[in-house]
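Colleague: I am attaching a structure below and will ask some questions about it afterwards.
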Amino acid sequence: MMAAVAALMAALLLLALWRLAWRPRAVARAFARQGVRGPPYAFLAGSLPEMKRLLMAGRVGVAPLDATCHDIMPVLLPQFHRWAADYGRTFLFWIGPIPAVFSTDLQLIKQVLADRTGLYQKDFLIPVLNSLFGNGVVFINGDDWKRHRKVVLPAFSHEKIKSMSAVTAEVTKQMMQQWREQVHQSGGKGAAEIDMIVAFNDLTSKINGRVAFGTSHQDVEEVVAFMREMQKLATAATLDPPILWYLPTRRNWHVRRVNKQLRSKIMSIMQARLAAKGGGECGNDLLGLLLEAWTPQRRAGAETLTTDEVIDECKTFFGAGQETTATLLVWAMFLLAVHPQWQDRAREEVLREFPDGDGGEAPSADVLGQLKLLHMVLLEASRLYPPFVYIQRRAATDVVLGGIKVPRGTVVSIPIAMLHRDKEVWGPDADEFNPMRFEHGAAKAAKDPKALLTFSMGPRVCTGQSFGIVEAQVAMAMILRKFSFSLSPKYVHKPKYLLSLTPKSGMPLIVKNLDG
């Protein structure tokens, strides 16, 4: 018996040594023979200690940027910025014992994102991200993705987006009234300082709650509060050695508690909708479509989703959808505040093409189609300040990527924000705010028609892309009609990445009511 235990322990030790020492060094040598190098592998932790050191140095030792400087990568991702300078456009780094290929070679990245065979799969890697975002249509793979997409896609049809515009206008009108009251209460200054992060997180939470779930604002607030707490926990976990992701640490227990509360709240929303419908159809918003799939007896031949899958889809919409649009609006307002000449031009266009908007109604689809400069501003904002700075895929099998042999399980890290600043693709003004680069559409804005990756590309392009852009267009058009805004002296231009791109210390703008 003791001999068997000893043999088992010896086998486990050999497996651990192979996994944590021999294999990483063999993989590194294989990449080096192909001309791909990177920071050295450290036992168990990989590149994480060096990554953490460079991040800390970037946060502490680098002064805030001038607000007109949009070359944010040395501050935002100092580790990748440094390694790209040291090792070239494509290099190897280590997430613990897991090899990761980082590349700013757009052709290589397009090969990954355009793949339709499932070679490059979405992978959270960090378990807490699964708890935060859920395995919804944005993140799931294979046949499950096709099944989820068939259920979810009708929620983002052209007709649904038109109805979403009315809800967006109604909620934006309420936010603008709050701004007027704040200006009125400013003691005769005629303007008020408002944090756009708070304002737009509240705005998009209300909109998403209404158009997708038909829930009260209190329900939405509770879901968002749980997800914000989970986001902080996930951000802290990104620099932990992978072994800590699976151990019963205090943080992991906290994640489990918050996730349980979040799931319970979403489940109560689902049950309330079913009870309200009293056995009839569940509705044609996102939640209704999910519930029809959850209760297939209500509609013959429908795709089916499990309880966990419905909850995951709700998480995905809240976690990815709400965050994406709020972030886009925050940075669009920032850019127009910093570049007032573009703010004036966008306002002139809105007043010219949307003259009947004084009642707070939504601009029609035809009007939105005429707000070309505003659309260009939003595209440029999404280029310079994409909500998700980088994304990842994982090789499902041994592959040849950009002429490089990549072993199964390797992570491919796609730095969207760095790709959007590639001067070889976007021109010498790639670090500058220039909406006119999109004058002839996104496909002609750069040397490559697929260079804008804000919403990814290929078969896994963001399902809610059109909804997010229309939501931002409607809100911005209504705001520009009634308010001007400038950067507060309190603003600190030092963006940080907390799973999405956010200002270090809020986004305070000085807002002035143009109606007096």
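Colleague: Picking from L262, P407, L65, whose Cα lies most toward the positive end of the charge dipole for the chain (charges on Cβ: Lys, Arg +1; Asp, Glu -1)?
Modeller: Result: P407, furthest along the dipole toward the positive end.
Colleague: Quick one: 3J(HN,Hα) in Hz for the range 491-501, Karplus 6.51/-1.76/1.60 with θ = phi - 60°, rounded, Gly and Pro as x.
Modeller: Computed from phi, the couplings for the range 491-501 are 5, 10, 8, 8, x, 9, 10, 10, 6, 10, 7 Hz.
Colleague: Right, next: Using amide H atoms built in the peptide plane, which far-off residues or other-chain residues are under 5 Å from S47 H to H?
Modeller: Long-range HN contacts for S47: A42, W94, I95, G96.
Colleague: For K504, enumerate residues with amide H under 5 Å from its amide H, sequence gap 5+ or separate chain, H modeled in the peptide plane.
Modeller: It is K494, K496, by chain and number.
Colleague: Among C462, C314, rank each residue by its count of other Cβ atoms within 10 Å, from fewest to most, as a rough exposure measure.
Modeller: Details: C462 19, C314 25.
Ordered from fewest to most neighbouring Cβ atoms within 10 Å, C462, C314 come out as C462, C314.
Colleague: HN-Hα J couplings of the range 506-512 from phi, Karplus 6.51/-1.76/1.60, θ = phi - 60°, integer Hz, Gly and Pro as x?
Modeller: So the Karplus estimates, Gly and Pro as x, are x, 10, x, 10, 8, 9, 10 Hz.
Colleague: I've got another one for you. Could you give the size of the charge dipole of the chain about its Cα centre, using +1 on the Cβ of each K and R and -1 on the Cβ of each D and E, expressed in debye and rounded to the nearest 20? Don't skip to the answer; put the middle values down first.
Modeller: Working: 62 positive and 48 negative charges, 372 e Å.
My answer is approximately 1780 debye.
Colleague: What shape does the range 109-261 have by the C-alpha gyration tensor, where a ≥ b ≥ c are the square roots of the eigenvalues, rounded means a/c under 1.5, and otherwise prolate means a/b greater than b/c and oblate the rest? Numbers along the way, then the final one.
Modeller: On the way: a/c = 2.28, a/b = 1.41, b/c = 1.62.
Note, shape of the range 109-261 comes out oblate.
Colleague: Assuming 0.36 nm per residue, please report the length gained on full extension of the stretch H158 to S364 beyond their Cα-Cα distance.
Modeller: Details: separation 206, 0.36 × 206 = 74.16 nm, distance 1.25 nm.
Between H158 and S364, full extension yields an extra 72.9 nm.
Colleague: If you count, for each residue, the other Cβ atoms within 10 Å and average over each peptide, how do 374-383, 500-509 line up from highest to lowest?
Modeller: Result, highest mean first: 374-383, 500-509.
Colleague: Right, here's the next one. Using Cβ counts within 10 Å as a stand-in for footprinting exposure, how do T249, T104, T454 rank, fewest first?
Modeller: Details: T249 13, T104 20, T454 24.
Going from least to most buried by this count: T249, T104, T454.
Colleague: Compute the signed sum of charges (Lys and Arg +1, Asp and Glu -1) over the other residues within less than 14 Å, Cβ to Cβ, of K260. Don't skip to the answer; put the middle values down first.
Modeller: Details: positive: R256, R257, R263, K265, K315; negative: E222, E229, D308.
So the surrounding residues net to +2.
Colleague: Cα centroid distance between the range 121-169 and the range 215-275, in Å?
Modeller: After rounding, the separation between the Cα centres reads 18 Å.
Colleague: Using a basic spin-label model with each label point 7 Å from the Cα along Cα→Cβ, how many nm lie between Q174 and R352?
Modeller: 3.4 nm
Colleague: What lysines could a cross-link reach from K405, if we take a straight Cα to Cα line under 21 Å and drop same-chain neighbours fewer than 8 places away?
Modeller: Here the lysines satisfying the reach criterion relative to K405 are K110, K122.
Colleague: Of E323, E349, E471, how do they rank once you tally other Cβ atoms within 10 Å and put the fewest first? Display every interim value, and only then the final one.
Modeller: On the way: E323 26, E349 20, E471 29.
Starting with the residue having the fewest Cβ neighbours, the order is E349, E323, E471.
Colleague: If you don't mind, another one. Taking a quarter of the surface of the convex hull around the Cα atoms of the range 384-516, what do you get in nm²? Don't skip to the end; give the middle numbers.
Modeller: Values: hull surface 43.8 nm².
Here the figure is 10.9 nm², rounded to one decimal.
Colleague: Would you calculate, for the chain, the mean residue ellipticity at 222 nm contributed by helices, counting each DSSP H stretch of 4 or more residues as -39,500 (n - 2.57) and dividing by all residues, to the nearest 500?
Modeller: On the way: 21 runs with 264 residues, N = 516.
Helix-only estimate at 222 nm: -16000 deg cm²/dmol.
Colleague: I would also like to ask the following. Could you work out the relative contact order of the chain? I mean the mean sequence separation of Cα pairs under 8 Å and 6+ apart, divided by the number of residues, in percent. Walk me through the numbers on the way to the answer.
Modeller: Working: 745 pairs, mean separation 120.8, N = 516.
Computed value for the chain: 23 percent relative contact order.
Colleague: Along the range 69-83, what does the Karplus equation 6.51 cos²θ - 1.76 cosθ + 1.60 (θ = phi - 60°) give for ³J(HN,Hα), rounded to whole Hz, x for Gly and Pro?
Modeller: 8, 10, 8, 9, 4, x, 8, 6, 10, x, 5, 6, 4, 5, 5
Colleague: Compute the long axis of helix 372-384 from its Cα atoms, compare it with the longest principal axis of the Cα atoms of the chain, and write down the angle in degrees, 0 to 90, nearest 10.
Modeller: 30 degrees
Colleague: On a 22 Å Cα-Cα criterion, which of the cross-link pairs K146/K315; K52/K450; K160/K512; K206/K315 come out too long? Kindly include the intermediate steps, with their values, before the conclusion.
Modeller: Values: K146/K315 18 Å; K52/K450 32 Å; K160/K512 33 Å; K206/K315 15 Å.
Exceeds cut-off: K52/K450; K160/K512.
Read-outs: derived from the displayed coordinates by stated rules, not from any lab. Computed from a prediction, not measured in an experiment: that's the story for all the values here. Counting neighbours? That spans all protein chains shown, and the Cβs are built from the backbone with ideal geometry, glycine included.
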